[in-house]
Amino acid sequence: MTDAPMNVLILCTGNSARSSLGEALLNHLGGGRFRAFSAGSTPAGRVNPFTLEVLAANGVPTDGLSSKNWDVFAEPGAPEMDLVISVCDNAAGEVCPVWPGHPAQVHWGFPDPAACTGDDDEKRAAFAAVYTAIKAQIQRLMDTPLDGLDVA
């Protein structure tokens, strides 16, 4: 593996909660080893306000987060991904575009905090729980030796 960061695309259906949390966390915690992006098959059009709130409360920058379609990463000129991670069951079961470079693909299933129907405190708790779970999974990824990882 070169000194270039590993490009990681994190996918979800709406790209407003789980995948956005993953993008922000991996970019923040990755120590320059990773360059994370996120997208969705049916983007919500905005990042969920509770996503932004939980990230800010934990000191994670949110600059540049946006809800976008995953097709932008399959277009010519898009960054070539080394790893694609789906973080929700809907995205795992959908037919994904063919990614340039044929990156490794994995699935990490997390409940959708945006589906929480309680009051704002219950919604905050749902987002905080998913934030913690995604952070733990990202830490495991960062602890995995990536030298020699066959991503082709």
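The values are calculated or read from the model by the stated rules, or taken from the named source; none is laboratory data. Being a predicted model, the structure only gives us computed values, none of them experimental. Virtual Cβ from ideal backbone geometry, glycine too; neighbours counted across all protein chains shown. Ligands, DNA and RNA are excluded from the accessible area calculation, which covers all protein heavy atoms including side chains. Shrake-Rupley method; radii C 1.70, N 1.55, O 1.52, S 1.80 Å.
Tabulated results
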{"item": "P(r) weight above 14 Å for the stretch 103-142, C-alpha pairs, percent", "result": "54 percent"}
{"item": "Rounded to 10°, Cα long-axis angle of helix 120-143 versus longest principal axis of the chain", "result": "20 degrees"}
{"item": "As computed over the chain, the Cα convex hull volume per residue (Å³)", "result": "104 Å³"}
{"item": "Karplus (6.51, -1.76, 1.60) ³J(HN,Hα), θ = phi - 60°, over the stretch 7-17, in Hz, Gly and Pro reported as x", "result": "7, 10, 10, 10, 10, 8, 6, x, 6, 10, 10"}
{"item": "Sequence-separation-based contact order of the chain, relative, with Cα cut under 8 Å and 6+ spacing, percent", "result": "27 percent"}
{"item": "About the Cα centre, charge dipole magnitude for the chain (Lys/Arg +1, Asp/Glu -1 at Cβ), debye", "result": "140 debye"}
{"item": "Accessible-area composition of the chain, carbon plus sulfur, in percent [1.4 Å probe]", "result": "52 percent"}
{"item": "Helix 18-29 vs. the chain, principal-axis angle (Cα, 0 to 90°, nearest 10)", "result": "60 degrees"}
